[in-house]
Amino acid sequence: MIIGIDDTDSVNGMCTTYIGTLIVEAIKDIDRNLIRELPRLLRLNPNNPYKTRGNGAVSIRVRENIDPKIVDKIKSVSFDIITKYSESGDNTNPAIVFLDDSLITKETTVFAERALHEMLSIEEAISLLNKIGAEYEFIGNGRGLIGALASCALELEDFTYELIVYRSHNKRGKKVVSEESAIQIEKNYSPRIFSSYDFENNRMVISPHSDCPILYGLRGESPDILLEAANQIKSEPPFKRNLFVTNQGTDMHLEAKKIDEVLPFSSVIVKGVISKNPYTVLGGHVFFEISNGKKILCAAYEPTKGFRNTIRKLSKGDLVVAYGGALDTEYGLTINLEKIEVLNLAEILKSEKPICPVCGNQMKSIGKGKGYRCKKCHTKNKDSSAVPIDRDIKVGLYEVPICAKRHLSKPILRYGRERNFEEERFKFDYTKFDIKFEGI
């Protein structure tokens, strides 16, 4: 049986991974061998306007062929946890889905993939759940059913892990996590652990500033490495912890498109020639236009910090590949850049006084529109010299800083480090993993 949950948090607190952890803990209390593999934290469409923060849904796989009474107990306890601990509010609509692997059809898999790239309706989710005969419960308008179902059916190829350490959901206010610990993790474990500290902007990124119960999270390539590194982090006393398989840092949300195929709320990879030079608007956001028959705007927004300086070095005629999410803005449909690949740099020429073809001295202007004359030998020349300018940017791939990176966006340091989920699916023995810390 697969349990999928989503939309249990709000801007005021809570976290769907925490709710998932409480459910896992309750199931382990029934029998710690009921869950053999890590729960999955799956990030869905990052452009979804209804998301709270990272648009993450959680799925938990319970062993098949167990006593129906235990199955009923798991369902009852799980929904009780959703009801008791979820946030409430206009934009919080918690949901939980229960389905067997046999109910995962091609249609549900396609639905899950679309949840990464499109805006799906509540009605479509309910219709599909009813069609396959899945059980589900929801609070509010049912929007959480979209992510809950998608989290059950989404198929992973490349993947990463995240170890999330929590404080009590009752605790609010400033979180105490050592910045120096995050610095040392980044220095000593990168690239096996990634996105812990942003040296470019001197910012720790493992501990969220919101009132959610996450104390800190470490993302990386191995459960053992994450657990080892967590022992080196100094923080306030932790409450619980959990390990997740995730699609974070995989670029799973991106699809290669032509400009005329780009739709609002999609995340795309688009190739084109820069047709309008970069320019800065109020707020420090940097825009430029690319074309490959059709035209579209690209933007490096202020939170991308120094990445904007890279964008400012681009010029009309450069061939680039833009990676990012497409949204309708006041300027039109715009790609919010996550990365940019420079494939070819246009030659930019500047006009200079010509060199005398007779004696090799630089010639002088003899008046506007009158040409040039050599001061030494008096040779005349009508035309100036066109000299290429050295470009302060090279062909290559550039990314936003860690502090501005989306959960799904693949860091450049992960290129070439992709892995196969099915090959590693059961390598970590989750039955022996303890959620509670000693003494809690």
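The values are calculated or read from the model by the stated rules, or taken from the named source; none is laboratory data. As the structure is a computational prediction, the values presented were derived from the model and not from experiment. Please note: Cβ atoms are built from the backbone with ideal geometry, for glycine as well, and neighbour counts cover all protein chains shown.
So for segment 19-31 (the condition being out of contact with any Lys or Arg (no Cβ under 7 Å at 6 or more places or on another chain), part of a loop (DSSP other than H, G, I, E, B) and at pLDDT 95 or above), does at least one residue qualify? Yes, segment 19-31 contains a residue that is out of contact with any Lys or Arg (no Cβ under 7 Å at 6 or more places or on another chain), part of a loop (DSSP other than H, G, I, E, B) and at pLDDT 95 or above. Taking every residue in segment 93-106 that is assigned to a strand (DSSP E or B) and pairing it with any residue that is surrounded by fewer than 22 Cβ atoms within 10 Å (Cβ to Cβ) and basic (Lys, Arg), at least 6 positions away or on another chain, the pairs with Cβ-Cβ distances below 6 Å are 98/75.
Can you pull out every residue in segment 133-145 that is assigned to a loop (DSSP other than H, G, I, E, B) and either outside the structural domain of residue 95 (by TED's automatic domain parsing) or within 19 Å of residue 101 (Cβ to Cβ) (or both)? Break it down into steps so the answer makes sense when it comes.
Initial filter on segment 133-145 (assigned to a loop (DSSP other than H, G, I, E, B)): 133-134, 139-143.
Result: 133, 134.
Quick check on segment 428-439. Is at least one of its residues surrounded by fewer than 13 Cβ atoms within 10 Å (Cβ to Cβ), farther than 30 Å from residue 159 by Cβ and in contact (Cβ under 8 Å) with a residue 12 or more places away in the chain?
The initial filter retains those residues of segment 428-439 that are surrounded by fewer than 13 Cβ atoms within 10 Å (Cβ to Cβ), namely 429, 432, 434, 436, 438-439.
After this cut, where a residue has to be farther than 30 Å from residue 159 by Cβ as well, the list is 439.
Keeping just the survivors that are in contact (Cβ under 8 Å) with a residue 12 or more places away in the chain gives none.
No, because not a single residue in segment 428-439 is surrounded by fewer than 13 Cβ atoms within 10 Å (Cβ to Cβ), farther than 30 Å from residue 159 by Cβ and in contact (Cβ under 8 Å) with a residue 12 or more places away in the chain.
Scanning segment 215-238 for any residue that is under 26 Å from residue 316 (Cβ atoms) and small (Gly, Ala, Ser) turns up nothing. All of 171, 187 fail the test of being charged (D, E, K, R) and at pLDDT below 95, apart from 171.
Scanning segment 168-194 for residues that are of a type outside the set (Asp, Glu), part of a helix (DSSP H, G or I), under 23 Å from the mean Cα position of the chain (by Cα) and surrounded by 19 or more Cβ atoms within 10 Å (Cβ to Cβ) turns up 182, 185, 189. Just one residue in the set 35, 27, 3, 19 is more than 30 Å from residue 404 (Cα to Cα), among the aliphatic types (A, V, I, L, M) and crowded, with 24+ Cβ neighbours inside 10 Å; that residue is 3. Of the numbered criteria (1) closer than 20 Å to residue 278 by Cα; (2) basic (Lys, Arg); (3) assigned to a loop (DSSP other than H, G, I, E, B), the one residue 419 fails is (1). Note on segment 265-368: enclosed strands (runs of 3 or more DSSP E) holding 3 or more residues that are under 21 Å from the mean Cα position of the chain (by Cα) are 267-280, 295-300, 319-329, 332-344.
Restricting attention to segment 324-373 and to residues that are in contact with an Asp or Glu (Cβ under 6 Å, 6 or more places away or on another chain) and among the aliphatic types (A, V, I, L, M), the residue that is surrounded by the fewest Cβ atoms within 10 Å (Cβ to Cβ) turns out to be 346.
Could we say that residue 88 is assigned to a loop (DSSP other than H, G, I, E, B) and closer than 19 Å to residue 139 by Cβ here?
yes
For the criterion of being surrounded by 15 or more Cβ atoms within 10 Å (Cβ to Cβ) and of a type in the set (S, T, N, Q), residue 280 fails.
The residue pairs whose first member lies in segment 173-194 and is within 17 Å of residue 221 (Cα to Cα), whose second member is among the acidic types (Asp, Glu), and whose beta carbons are closer than 7 Å, counting only pairs six or more residues apart or on different chains, are 192/221. Within segment 64-71, none of the residues are at pLDDT 95 or above and under 29 Å from the mean Cα position of the chain (by Cα).
Residue 298 falls short on exactly one of the conditions (1) surrounded by fewer than 19 Cβ atoms within 10 Å (Cβ to Cβ); (2) touching a residue at least 40 places away in the same chain (Cβ under 8 Å), and that condition is (1).
When residue 148 is tested against (1) assigned to a helix (DSSP H, G or I); (2) closer than 29 Å to residue 12 by Cβ; (3) free of Cβ contacts under 8 Å to residues at least 12 places away in the same chain; (4) not aromatic (Phe, Trp, Tyr), only condition (3) is not met.
Considering each residue of segment 389-416, count those that are among the basic types (Lys, Arg), part of a loop (DSSP other than H, G, I, E, B) and under 18 Å from residue 192 (Cα atoms), and give that number.
Keep residues of segment 389-416 that are among the basic types (Lys, Arg), which gives 391, 394, 405-406, 410, 414.
When the remaining residues are screened for being part of a loop (DSSP other than H, G, I, E, B), the result is 391, 394, 405-406, 410.
The next check asks that each one be under 18 Å from residue 192 (Cα atoms); those that pass are 405, 410.
Going through segment 389-416 one residue at a time, the tally reaches 2.
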